[in-house]
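Colleague: Have a look at this one.
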Amino acid sequence: MLVFTGMLLIIILQLMNLQLFSPKYKLAADDQGIFRKVIYPDRGIVYDRTGKSILQNTTIFDLMVIPSKIKGTDTSGICNILGIDTAEFRKRIENIVFKYKSYRPSIFEALLSNEKMAKLAENLYKFSPGYYLQERSVRDYPFDAAGNILGYLSEVDSNILKNPKYTGYVMGDYIGKTGLERTYENVMLGQRGIEFWKKDKVGRLTERLEKGKFDTTAIAGQNMHTSLDIELQELGEKLMENKLGSIVAIDPRTGGILCMVSSPTFKPKLLTGAERKKHIAELLLNPALPLLNRTVGATYSPGSTFKTLQALIGLHEGVIETSTRFSCSGAFYGCGSGRPMKCLDYGTFDLRSAITISDNTYFANVMQKVITNPKYPNQDSSLNVWSRYMQAFGLGHKLGVDVPSEKRGLIPNAAYYNKIYGAGKWNYCTFRSVSIGQGEVDVTPMQVANEMAYIANKGWYKTPHLIDSIEGGDKFNMLANFKEKHNTIDIPDSIFEAVHDGMQGVVDRGTGMAAKVAGINICGKTGTVENYYRGVKQPNHAFFAGFAPRENPTIAIMCVVENSGRFGGTYAAPIVGLMIEKYLNDSIPDKARIARIDQLSKLNLIPSRIYDEMKRQDSLRHSKDSAYLVAKGYIKIIKDTLGMDDSDEDEAMDKLKKDKEDQKKEQPKKDSNDNKIKIKTEAILPDEKKKPEIKDTVKT
């Protein structure tokens, strides 16, 4: 009886322990019968200045895996549906276990295509409980434009998770990598929610636990309204097809960016959805750098557009008047007959006419007078004064634009030349080419458009920006700086009026007549920029910058066409004229003007070095297996140039390795040249790119 009573007591105590105190079996039961579903919030929607949605959301699914629960499941079935082999399957599982442990749900395949999704939904019960589908909101693009502005998302990697700046992110989350998605990540992210579901014996979800009593609601990200005019952006991208370069337009009254064209660009939908990995590899390997946002990330000598600023400094410093005249007899000889600087326009000019015809000698004399101004003790001091003017005009430093990867450009000062030549071992003649926007001065397209806004406003600008307002308020205080006026130098309106006169003359009767639009007074300035690539002189860049209408400017704009080989008035000026017409008149109804748009769009000015680099890459990638390492090195260089993350490089290299393996499987043994991998460039080059006569377009 004692033994029996003791055993009964033990059983009763164990039952009490299992049912009242021990969590082990409760957890096991919950694990079998309850599913914790993460609800990813919709990211904030982005609108253009007219209220059109330019960045919104759609739904797609990820296939999730819990490695500790896949034992005994049909591995070959999963592989067949996903189109992978068992080696790839093992690699993925090992990578997940190594990085995130075997018991954590992790993404096995992200952003499933519709075909894979349909097959998995039909057969998922066979793979439960180790696999399940996770609904996710992904980006959708109503317009095939503004890829460089909007940016793209990518899954967080281990480097991001280790960074304290990104506390709260977990594996499976997506984060903005470039563009507005990156800058305004905190605004658009939103907050994850959780739903608890009951499961049946085969792992299918049946109903919400306790009717959703324990759920937390996902909170969508904040919507944002931009200054961008999406129709103007589309027109700009069309005009810049088959070219390298940029167009930037700003509303000078607010600093709001109206368009921000970087060419070549990419369709934003290429970097979302199931085909993302394929496209990121193609874009990274493209030598024309479609992922580079040239508007803020590329720098150029500004050429003759710089002369307008030289005029402002010369007049304000009192070293010239508007009536001051200088003569051009073929060159500027102010540094001696042995060091002439060529000018193209023979004659004698005052300030207004010098701007209108873009005379080099005039502005070489102006800057020489500024640098040798006797009111300063030496040329070090006067150059520093000149440099401070340029800084006040918005050059030589980052403007603070709300897209990543902005470059600061370069405005030289005395310390710069002291470092190169030594103190006291240089003078104005050392850098005389700076007077006409060549030499050591470097600017971004955004800075040039902003300097036009400064001139249009007669002495002030607001920081260029894309986001005007955020629904629900600016909780992270990201917009305050965009309201501030920058006007550190008090230059009289009369000086600006004189410069405006010369700039209007450029369009009315000077070097920029191709920018003329009926009924609109446009002030502009052309620029033709010498440049070199790896020490070899290249065809000239074409610049045009200006604002309109002169009486009450509402658009300040610039365009650069890289290596066009012609003057700024040849290609850049007509592009700007069409952009101004579209913005101010809201349409371009004239058939001749529409035909001009098509003509400029089809004009192929891609420099020959881009085609040469494509051929070189294609040859290297298929000559031998070591070409993979060459491609990896090339991608690393491009990644560093663009400031991209390691995950983008990894995805690109995974794609290259897969292509290489597929190529080996498919090609005949006797012919190693069959089925070559092609660098697909249809997004940026014309269909006729293989025709030999296209290469000569620059020469005609």
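Colleague: Report yes if residue 319 is of a type in the set (A, V, I, L, M), outside any helix (DSSP H, G or I) and at pLDDT 95 or above, otherwise no.
Modeller: It is true that residue 319 is of a type in the set (A, V, I, L, M), outside any helix (DSSP H, G or I) and at pLDDT 95 or above.
Colleague: Taking the options 232, 239, 258, name whichever one is in contact with an Asp or Glu (Cβ under 6 Å, 6 or more places away or on another chain) and either of a type in the set (Val, Ile, Thr) or open to solvent by less than 30 Å² (accessible area, probe 1.4 Å) (or both).
Modeller: 258 is the lone residue from the list that is in contact with an Asp or Glu (Cβ under 6 Å, 6 or more places away or on another chain) and either of a type in the set (Val, Ile, Thr) or open to solvent by less than 30 Å² (accessible area, probe 1.4 Å) (or both).
Colleague: Name the pairs whose Cβ atoms lie under 9 Å apart, with the first residue in the range 166-184 and open to solvent by 30 Å² or more (accessible area, probe 1.4 Å) and aliphatic (A, V, I, L, M), the second at pLDDT below 85 and part of a helix (DSSP H, G or I), and 6 or more positions between them or separate chains?
Modeller: Qualifying pairs under 9 Å: 170/161; 171/99; 171/100; 171/158; 171/161.
Colleague: While we're here: Among the residues of the range 500-554, how many are β-branched (Val, Ile, Thr), surrounded by fewer than 24 Cβ atoms within 10 Å (Cβ to Cβ) and in a loop (DSSP other than H, G, I, E, B)?
Modeller: 1
Colleague: Right, something else. With respect to the numbered conditions (1) within 19 Å of residue 153 (Cα to Cα); (2) open to solvent by 10 Å² or more (accessible area, probe 1.4 Å), which one is the sole condition not fulfilled by residue 253?
Modeller: That leaves (1) as the condition not met.
Colleague: What are the residue pairs meeting all of these: first residue in the range 88-115, first residue on the phi > 0 side of the Ramachandran plot, second residue modelled with pLDDT under 85 and among the basic types (Lys, Arg), Cβ atoms under 7 Å, and 6 or more apart or on different chains?
Modeller: Once the first residue is on the phi > 0 side of the Ramachandran plot and sits in the range 88-115, its partners that are modelled with pLDDT under 85 and among the basic types (Lys, Arg) give 111/276.
Colleague: Starting from residues that are more than 15 Å from residue 299 (Cα to Cα) and of a type in the set (S, T, N, Q), keep the ones in the range 391-450 and report whichever is surrounded by the most Cβ atoms within 10 Å (Cβ to Cβ).
Modeller: 435
Colleague: Counting only residues that are open to solvent by 30 Å² or more (accessible area, probe 1.4 Å) and aliphatic (A, V, I, L, M), which one in the range 343-366 is modelled with the lowest pLDDT?
Modeller: Ranking the candidates gives 344 first.
Colleague: On to the next question. May I ask you to list the residues in the range 479-494 that are out of contact with any Phe, Trp or Tyr (no Cβ under 7 Å at 6 or more places or on another chain) and either open to solvent by 20 Å² or more (accessible area, probe 1.4 Å) or closer than 20 Å to residue 360 by Cα (or both)?
Modeller: If the condition is that a residue be out of contact with any Phe, Trp or Tyr (no Cβ under 7 Å at 6 or more places or on another chain) and either open to solvent by 20 Å² or more (accessible area, probe 1.4 Å) or closer than 20 Å to residue 360 by Cα (or both), then 480, 481, 483, 484, 488, 490, 492, 493, 494 are the ones that fit.
Colleague: Another one. Hey, can you tell me all the residues within the range 34-45 that are open to solvent by 50 Å² or more (accessible area, probe 1.4 Å) and part of a loop (DSSP other than H, G, I, E, B)?
Modeller: 42
Colleague: Does residue 92 satisfy being charged (D, E, K, R) and part of a strand (DSSP E or B)?
Modeller: Here the answer is no, as residue 92 does not meet what is asked.
Colleague: Filter the range 344-366 for residues that are under 37 Å from the mean Cα position of the chain (by Cα) and not in a helix (DSSP H, G or I); which is farthest from residue 523 (Cα to Cα)?
Modeller: If we take residues in the range 344-366 being under 37 Å from the mean Cα position of the chain (by Cα) and not in a helix (DSSP H, G or I), then 359 is farthest from residue 523 (Cα to Cα).
Colleague: Moving to a separate point now. Would you check which residues across the range 290-318 are open to solvent by 10 Å² or more (accessible area, probe 1.4 Å) and either out of contact with any strand residue (DSSP E or B) (no Cβ under 9 Å at 6 or more places or on another chain) or more than 27 Å from residue 404 (Cα to Cα) (or both) and list them?
Modeller: Residues satisfying the conditions are 291, 304, 315, 316, 317, 318.
Colleague: Looking at the range 1-33 only, could you name the residues that are within 30 Å of residue 131 (Cβ to Cβ) and either at pLDDT 70 or above or open to solvent by 90 Å² or more (accessible area, probe 1.4 Å) (or both)?
Modeller: 24, 25, 26, 27, 32
Colleague: Could you tell me whether residue 402 is in a helix (DSSP H, G or I), of a type in the set (Asp, Glu) and more than 19 Å from residue 489 (Cβ to Cβ)?
Modeller: The answer is no for residue 402.
Colleague: Would you please name the residue that is most open to solvent (accessible area, probe 1.4 Å), looking only at residues in the range 124-155 that are within 23 Å of residue 36 (Cα to Cα) and assigned to a loop (DSSP other than H, G, I, E, B)?
Modeller: Taking the candidates together, the pick is 129.
Colleague: Just one of 62, 48, 85 is open to solvent by less than 60 Å² (accessible area, probe 1.4 Å) and modelled with pLDDT of 90 or more; which is it?
Modeller: 48
Colleague: Hey, another quick one. Quick check on my filter: what residues within the range 67-86 are touching a strand residue (DSSP E or B) at 6+ places or on another chain (Cβ under 8 Å) and either farther than 15 Å from residue 119 by Cβ or small (Gly, Ala, Ser) (or both)?
Modeller: 67, 70, 73
Colleague: OK, next. Are there helices (runs of 4 or more DSSP H) fully within the range 156-270 with at least 3 residues that are under 21 Å from residue 141 (Cβ atoms)? List them.
Modeller: Per the criteria, 179-183, 185-188, 230-239.
Colleague: Report whether or not residue 652 is among the small types (Gly, Ala, Ser), open to solvent by less than 10 Å² (accessible area, probe 1.4 Å) and modelled with pLDDT of 95 or more.
Modeller: no
Colleague: Of the numbered conditions (1) within 29 Å of residue 550 (Cα to Cα); (2) open to solvent by 10 Å² or more (accessible area, probe 1.4 Å), residue 270 fails exactly one; give the number of that condition.
Modeller: Checking residue 270 against (1) within 29 Å of residue 550 (Cα to Cα); (2) open to solvent by 10 Å² or more (accessible area, probe 1.4 Å), the one that fails is (1).
The values are calculated or read from the model by the stated rules, or taken from the named source; none is laboratory data. Just so you know, these numbers come straight off a predicted model, no measurement behind them. With ideal geometry, Cβ positions are generated from the backbone for all residues, glycine too; neighbour counts draw on all protein chains shown. The accessibility values were calculated without ligands, DNA or RNA, using every heavy atom of the protein model including side chains. Shrake-Rupley method; radii C 1.70, N 1.55, O 1.52, S 1.80 Å.
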